[in-house]
Amino acid sequence: MKKSVFSLTVLAIILIILNSCNSKKGSSGVQTETQGTYKDKEVILFTLTNNNGNVLKLSSFGARIVWIEVPNREGKKDNVTFGFDTFEGMINGDPYFGAVVGRYANRIARGRFTLDSVEYILTLNNGPNSLHGGPGGWHSVVWDGEVVKNSEYPSVKFTYHSPDMEEGYPGNMHVETVYTWTDNNEIIIDYRCTTDKKSVLNITNHAYFNLHGAGIGDILDHELVIKASRFIAVDSTLIPTGELRPVTGTPFDFTTPHTVGERINEPYDQLILGKGYDHSFVLDNVDEVDATVYDPVTGRFMEVITDQPGVQFYCGNFLNGSRIGYGGRPYTYRSGLCLETGHFPDSPNHPDFPSTVLNLGDTFTSRTIYRFSVK
């Protein structure tokens with residue numbers, strides 16, 4: 001009898017070990033699978049699951065966020081960020097959904113800037129300007145990805161080598177982006193960049209959020225707070241005029257909660273020029289939390305925390321339903337919003353703005369957190 005019990009115990013242990021070995025999901029809470037191949041490089045999907053069973057999915061194509069599954073106030077889970085059902089949809093879809101954007105996020109006027117008396121000419125891809133690092137920017141390449149070992153929470157590190165003069169930018173730049181998915185439903189994004197030649201840098205994540213659920217209605221009823229006393233006025237091509245305009249008395253005052261749609265149709269010059277909100281806000285950087293979004297329908301609440309001087313608030317003015325997302329839902333006009341943390345647009349051409357120069361021997365580091373809860 002004792003021998004029989006012993007044999008059963010040994011068999012059970014063996015089965016447990018075999019089951020553990022066959023699973024793609026390790027103790028880190030990260031599962032990996034191949035999505036496809038792009039330009040002869042394998043694209044990997046990383047699925048991060050925290051101890052609450054909530055899921056964050058990342059792709060090595062553009063080091064992008066492709067899925068954020070969090071509960072509403074009743075506990076029903078849904079994905080709240082833009083993405084696509086298929087690999088082909090992601091590759092051929094909107095280039096920026098959830099991607100890490102660089103070498104320079106946002107716009108550079110006329111695609112030109114001068115550094116140490118040398119003028120650099122960039123690729124134009126947004127009318128007369130260069131946008132988000134150009135068409136071949138970091139959003140459009142396959143990064144190397146790896147699961148971070150011995151991390152307290154599920155974590156993935158993406159790395160990319162941006163070659164000298166890629167899209168016109170000087171210097172070989174080494175870029176790291178680490179995503180961590182905590183049990184507090186926080187997406188912690190840590191950036192680290194170095195260069196072998198003086199260059200400029202503005203890095204961000206371009207996720208679109210709809211707290212109803214991706215593709216469900218618009219975001220005009222979302223209540224927004226941005227802790228910024230000033231915003232950056234722009235011209236007709238969305239290039240800064242140089243004016244840091246006080247938000248007081250304007251539709252850009254989100255220092256107290258307002259819905260996105262409450263004042264969006266007011267005949268205010270900057271709303272007309274931007275076709276809505278598509279502006280960088282100068283963060284006060286006083287409190288821990290720099291911006292919040294609340295959906296009163298689902299109760300979902302998102303907080304944004306950053307060490308950067310600005311955040312670009314974009315409310316999907318150019319979405320037109322041509323992109324079909326998860327479950328066949330089109331991403332329609334103003335059905336998603338972005339809060340892209342970083343430096344100001346066109347900073348290399350505005351010496352009075354915070355500097356975006358990265359020198360040889362220096363290391364750029366930054367952290368942004370998107371935290372989800374309900375209330």
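The values are calculated or read from the model by the stated rules, or taken from the named source; none is laboratory data. Keep in mind that what you see is a predicted model, and the values were worked out from it rather than measured. Neighbour counts are summed over all protein chains in view; Cβ atoms, including those assigned to glycine, are modelled from backbone coordinates with ideal geometry.
Search the stretch 162-183 for residues that are more than 18 Å from GLY136 (Cα to Cα) and pair each with any residue that is buried (at least 19 other Cβ atoms within 10 Å of the Cβ) and basic (Lys, Arg) when their beta-carbon atoms are under 6 Å apart and the residues are at least 6 apart or on different chains.
Taking only residues 6 or more apart or on different chains, the pairs are VAL178/LYS157.
Scan the stretch 46-102 for residues that are aromatic (Phe, Trp, Tyr) and surrounded by fewer than 21 Cβ atoms within 10 Å (Cβ to Cβ) and jot them down.
TRP67, PHE84, PHE87
Out of the residues in the stretch 211-232 meeting the condition of being surrounded by 22 or more Cβ atoms within 10 Å (Cβ to Cβ) and β-branched (Val, Ile, Thr), tell me which one is nearest to CYS315 (Cα to Cα).
ILE219
So ALA99 ticks every box in (1) in contact with a helix residue (DSSP H, G or I) (Cβ under 7 Å, 6 or more places away or on another chain); (2) more than 22 Å from ASN205 (Cβ to Cβ); (3) among the small types (Gly, Ala, Ser) but one. Which box is left unticked?
(2)
Tally up the residues in the stretch 116-147 that are crowded, with 21+ Cβ neighbours inside 10 Å and among the aromatic types (Phe, Trp, Tyr), please.
2
Mind listing whichever residues of the stretch 265-295 are part of a strand (DSSP E or B) and either among the acidic types (Asp, Glu) or at pLDDT below 95 (or both)?
Correct list: ASP278 only.
Go through the stretch 119-151 and give me each residue that's over 21 Å from ILE44 (Cβ atoms) and free of Cβ contacts under 8 Å to residues at least 12 places away in the same chain.
GLU119, ASN125, listed by residue number.
Determine whether GLY98 is within 18 Å of the chain's Cα centre (by Cα) and without any contact (Cβ under 8 Å) to a residue 40 or more places away in the chain.
It is false that GLY98 is within 18 Å of the chain's Cα centre (by Cα) and without any contact (Cβ under 8 Å) to a residue 40 or more places away in the chain.
Name the residue that is nearest to LYS227 (Cα to Cα), counting only residues in the stretch 329-368 that are without any contact (Cβ under 8 Å) to a residue 12 or more places away in the chain and among the small types (Gly, Ala, Ser).
Taking the candidates together, the pick is SER355.
What strands (runs of 3 or more DSSP E), lying completely within the stretch 148-204, carry at least 3 residues that are surrounded by 23 or more Cβ atoms within 10 Å (Cβ to Cβ)?
155-162, 173-181
Got at least one residue in the stretch 265-281 being over 24 Å from LEU220 (Cα atoms) and within 21 Å of the chain's Cα centre (by Cα)?
There is no residue in the stretch 265-281 that is over 24 Å from LEU220 (Cα atoms) and within 21 Å of the chain's Cα centre (by Cα).
Are there any strands (runs of 3 or more DSSP E) wholly within the stretch 33-78 with 1 or more residues that are touching a residue at least 60 places away in the same chain (Cβ under 8 Å), in contact with a Leu (Cβ under 7 Å, 6 or more places away or on another chain) and among the β-branched types (Val, Ile, Thr), and if so which?
By residue number, 64-71.
Within the stretch 105-115, identify whether any single residue is part of a strand (DSSP E or B) and exposed (fewer than 15 other Cβ atoms within 10 Å of the Cβ), and answer yes or no.
yes
Name, by its number, the condition in (1) in a loop (DSSP other than H, G, I, E, B); (2) out of contact with any Leu (no Cβ under 8 Å at 6 or more places or on another chain) that does not hold for PHE372.
Among (1) in a loop (DSSP other than H, G, I, E, B); (2) out of contact with any Leu (no Cβ under 8 Å at 6 or more places or on another chain), the lone unmet condition for PHE372 is (1).
Answer yes if at least one residue in the stretch 242-249 is among the hydrophobic types (A, V, I, L, M, F, W, C), in contact (Cβ under 8 Å) with a residue 24 or more places away in the chain and within 30 Å of ASN72 (Cβ to Cβ), and no otherwise.
Scanning the stretch 242-249, I find no residue that is among the hydrophobic types (A, V, I, L, M, F, W, C), in contact (Cβ under 8 Å) with a residue 24 or more places away in the chain and within 30 Å of ASN72 (Cβ to Cβ), so the answer is no.
When the residues of the stretch 297-320 are filtered to those that are charged (D, E, K, R) and under 18 Å from the mean Cα position of the chain (by Cα), which remaining residue is surrounded by the most Cβ atoms within 10 Å (Cβ to Cβ)?
The residue in question is GLU303.
For every residue, the table says whether it meets (1) surrounded by 15 or more Cβ atoms within 10 Å (Cβ to Cβ); (2) of a type outside the set (Ser, Thr, Tyr).
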{"position": "ARG263", "(1), (2)": "yes, yes"}
{"position": "GLU266", "(1), (2)": "no, yes"}
{"position": "ASP269", "(1), (2)": "no, yes"}
{"position": "LEU273", "(1), (2)": "yes, yes"}
{"position": "HIS279", "(1), (2)": "yes, yes"}
{"position": "VAL282", "(1), (2)": "yes, yes"}
{"position": "THR292", "(1), (2)": "yes, no"}
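Yes/no matrix, rows are residues, columns are (1) more than 29 Å from GLY93 (Cβ to Cβ); (2) among the β-branched types (Val, Ile, Thr):
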| site | (1), (2) |
| --- | --- |
| THR255 | yes, yes |
| GLU266 | yes, no |
| ASP269 | yes, no |
| SER280 | no, no |
| ASP284 | yes, no |
| VAL289 | yes, yes |
| ILE305 | no, yes |
| TYR314 | no, no |
| GLY321 | no, no |
